[in-house]
Amino acid sequence: MERSTNDQRFATTLANGMALLRCFTPFAPCLTNGELARLSGLSKATVSRLSYTLELIGLLQFDQEARRYRLGAMSLSIAYPLLSRLAVRQVARPLMQQLANRTGGSISLSMRHRASVIYIETTREHDAEDFRPEIGAALPLLGTAAGRAWLAACDDFERDDAYAWLQRSTGMSLSSLGALDVVSTAMRDLHERGFCMSQGDFVHDVNAIALPLRERVRGDLVILNCGMLQHRMPSSKLERKVGPLLRKTAQQIDQLLAQQQVEPAR
């Protein structure tokens, strides 16, 4: 939002409206105008105008009984053109399902946005009860195996940009966040093990391993991730049994992407 003060091309009203939409999460699916004002940092009068407008165009829906707003079905259509053009999802999905059935874990693809990684595809064994955020879920870079794999595999320019967003979004320094230590460990794990790990760091009872695909999608790194409830598989067993399978699946996806020239690297 700081760009609005010195960039005449910056549409502040549009940015404010998007800020309101980002306030909605799986943990806060319904919000009042007061809650939207608090979460977005916007004035109540601004929020009232924006929520009314967003409701009229279908991006928000007002629940009369709860007296709260929630995202409207129209909001799904915004992401559809992007998801439909990410052909890596179609290429990877059968291989991901095979891995999920074989391991009993939740298998996901993600890409980085600012200080998060966002799921673009996810699947699991049909009867599994593991933690599995759905497509579009934003997970933290530092606390997840997927985020750590991205930080370990990206180039210096991308990492510096991610660091800037981490500091901006948290208001904390890299040293306070422990970011440099996390990335150093992640880079060592990726080099020595072939994947990065999270042992209950994001969700306390979930272990996860992740690695980057070799083939970039539209110039962006794509991360393949497997998450498992700790009581079903401890981290040592996840590393020993699932790690090689995850690496093999990533290689198969990369081979298909290269052969079919799907979303070639830029």
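The values are calculated or read from the model by the stated rules, or taken from the named source; none is laboratory data. In this text the structure is predicted, and so the values were computed from the model without any measurement. We place every Cβ from the backbone using ideal geometry, glycine too, and count neighbours over all the protein chains shown. All accessible areas refer to the heavy atoms of the entire protein, side chains included, with ligands and DNA or RNA removed. Shrake-Rupley method; radii C 1.70, N 1.55, O 1.52, S 1.80 Å.
Take the conditions among the basic types (K, R), touching a residue at least 40 places away in the same chain (Cβ under 8 Å) and closer than 24 Å to I118 by Cα and apply them to R70. Does it pass? Talk me through it step by step, then tell me what you get.
On the way: among the basic types (K, R): yes; touching a residue at least 40 places away in the same chain (Cβ under 8 Å): yes; closer than 24 Å to I118 by Cα: yes.
Yes: the conditions hold for R70.
Against the conditions (1) open to solvent by 70 Å² or more (accessible area, probe 1.4 Å); (2) part of a loop (DSSP other than H, G, I, E, B), L14 satisfies every one except (2).
Tell me, yes or no, whether segment 48-61 has at least one residue that is without any contact (Cβ under 8 Å) to a residue 24 or more places away in the chain, farther than 24 Å from T13 by Cβ and of a type in the set (D, E). Among the residues of segment 48-61, not one is without any contact (Cβ under 8 Å) to a residue 24 or more places away in the chain, farther than 24 Å from T13 by Cβ and of a type in the set (D, E), which makes the answer no. Within segment 145-171, residues that are closer than 16 Å to M111 by Cβ and touching a residue at least 60 places away in the same chain (Cβ under 8 Å) reach partners that are open to solvent by less than 70 Å² (accessible area, probe 1.4 Å) and of a type in the set (D, E, K, R) with beta carbons closer than 7 Å, at six or more positions or on different chains, in the pairs W150/R112.
Could you list all residues from segment 186-221 that are among the basic types (K, R) and crowded, with 16+ Cβ neighbours inside 10 Å?
Initial filter on segment 186-221 (among the basic types (K, R)): 188, 193, 214, 216, 218.
Scanning segment 186-221 gives R214, R216.
When Y119 is tested against (1) free of Cβ contacts under 8 Å to residues at least 60 places away in the same chain; (2) surrounded by fewer than 16 Cβ atoms within 10 Å (Cβ to Cβ); (3) within 19 Å of the chain's Cα centre (by Cα), exactly one condition is not met: (2). Looking only at residues of segment 4-27 that are more than 18 Å from the chain's Cα centre (by Cα), farther than 16 Å from I78 by Cα and not β-branched (V, I, T), we find that the one that is modelled with the lowest pLDDT is S4. The set of residues in segment 37-49 being under 26 Å from the mean Cα position of the chain (by Cα) and assigned to a helix (DSSP H, G or I) consists of A37, R38, L39, S40. The residue that is modelled with the lowest pLDDT, among those in segment 68-109 that are touching a Phe, Trp or Tyr at 6+ places or on another chain (Cβ under 8 Å) and within 16 Å of R247 (Cα to Cα), is S106. Can you confirm whether R159 is more than 24 Å from T249 (Cβ to Cβ) and open to solvent by 60 Å² or more (accessible area, probe 1.4 Å)? Here the answer is no, as R159 does not meet what is asked. Take Q255 and decide whether it is in contact with a helix residue (DSSP H, G or I) (Cβ under 6 Å, 6 or more places away or on another chain) and open to solvent by 70 Å² or more (accessible area, probe 1.4 Å). For Q255, the condition - in contact with a helix residue (DSSP H, G or I) (Cβ under 6 Å, 6 or more places away or on another chain) and open to solvent by 70 Å² or more (accessible area, probe 1.4 Å) - is not met. For S169, are the conditions met, namely being open to solvent by 20 Å² or more (accessible area, probe 1.4 Å) and over 18 Å from V117 (Cα atoms)? In short, no. In this structure, does A149 turn out to be under 28 Å from F24 (Cα atoms), touching a strand residue (DSSP E or B) at 6+ places or on another chain (Cβ under 8 Å) and at pLDDT 95 or above? Yes: the conditions hold for A149.
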